[in-house]
Ligand code: RIB
């Protein structure tokens, strides 16, 4: 059992069915390209992060909302198989969230999400007190994110996908995680802890606009980058819980995110803590 197992995490976010098609080159607007057969895979930024946290050995509860449909049942079952607690997942009359994903030959992707039931999550029904950290993303309603920031002092907010969020909510977060595109709409000078991910170039931790730590990931054979950012966030939260230094947290997270690109699907290659530590040992 990992040392993370005694601490509890809640992931507040989406659960989606990912419909994935592979093609040589991503289409430009107005273009049609032919692709592979469609694959149906479990996804959603929330579920991916919950599955990754559970795989890393953290006691993890998913707080989400799915439809009363076959897809919702299937997503709950797959997430439970990864070891996450799904008892706090709510049901709605709207369809379970679906993501339409195109992946090119280099592993890059484009995603359109139909959030459906995800936006019906009612946070008033959820007690957040038992959790040592709350990890959330932006595929739930804007009100849910604002309420979360008011109710917990240990919120790690992954501002993906980029959507309007108030400056006061961002300031209340323990940590804000953004990719380079999402970071453009942030005023990092206002944020005590803001982590910016840069894909294969690694990640940097900023405090009030100044870099305090940077890390680069190992080089791996990339098959599919979908969900790599989610594994980064989960790995970040798992070491944040252990009070590692900013540099230790970043090194662990970029390594975990990189290892997640070695198979198809957002939950297809989730590393364990031991696996990440072995790669870190090789790099040092
Ligand atoms: O971050 C990857 C995820 O984004 C996919 O699993 C998809 O469901 C979308 O939410």
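No lab work stands behind these numbers, since they all come straight from the coordinates. As the structure is a prediction and not an experimental result, all values here were calculated from the model. So basically every Cβ, Gly included, is an ideal-geometry build from the backbone, and we count neighbours across all protein chains shown.
Quick notes on this structure:
- Put the Cα centre of the range 26-71 next to the Cα centre of the range 224-284 and the gap is 18 Å.
- By the count of neighbouring beta-carbon atoms within 10 Å, fewest first, 233, 65 end up ordered 65, 233.
- Bridges between two residues of the chain, per DSSP, are antiparallel at a rate of about 40%.
- From least to most packed, judged by other beta carbons within 10 angstrom and beginning with the fewest, 18, 221, 230, 122 follow the order 221, 122, 18, 230.
- Those residues of the range 220-257 whose amide nitrogen sits under 13 Å from the label point placed on residue 263, 7 Å along Cα→Cβ: 223-224
- Efficiency of FRET from Cβ geometry, residue 39 and residue 68, R₀ 22 Å, rounded to 0.05: 0.35
- In terms of other Cβ atoms within 10 Å, 188, 138 run from fewest to most in the order 188, 138.
- Its Cα gyration tensor gives the range 60-102 an equivalent ellipsoid; the semi-axes, largest first and in whole Å, are 17, 14, 9.
- Relative contact order, whole percent, for the range 77-200 stands at 15, derived from Cα pairs under 8 Å and 6 or more residues apart.
- In the chain, Cα pairs under 8 Å separated by at least six residues give a relative contact order of 18 percent.
- Calculated on alpha-carbon atoms, Rg and Dmax of the chain in Å: 17.5, 51
- Computed extension length for residue 219-residue 247: 8.2 nm, one decimal, from 0.36 nm per residue of separation with the Cα-Cα distance subtracted.
- With a simple spin-label model that places each label point 7 Å from the Cα along the Cα-to-Cβ direction, the separation between residue 201 and residue 283 comes to 1.7 nm.
- Volume per residue of the C-alpha convex hull in the range 127-181, rounded to whole Å³: 76
- Gyration tensor over the Cα atoms of the range 1-84: the corresponding equivalent ellipsoid has semi-axes (square roots of 5 times the eigenvalues, largest first) of 31, 15, 11 Å.
- Summarised as an ellipsoid, the range 223-284 has semi-axes of 19, 13, 9 Å, derived from the eigenvalues of the Cα gyration tensor scaled by 5 and square-rooted, with the largest first.
- Once the C-beta distance of residue 114 and residue 6 is scaled by a Förster radius of 35 Å, the resulting FRET efficiency is 0.40 to the nearest 0.05.
- Label-to-label distance, nm, for residues given as residue 171 and residue 87 (7 Å Cα→Cβ offset): 3.9
- Length available on full extension from residue 105 to residue 163: 0.36 nm per residue minus the Cα-Cα distance, which gives 18.0 nm.
- Rounded to the nearest 0.05, the FRET efficiency derived from the C-beta distance between residue 127 and residue 19 at R0 = 35 Å is 0.55.
- The range 44-147 - percent relative contact order, Cα under 8 Å, separation 6 or more: 25
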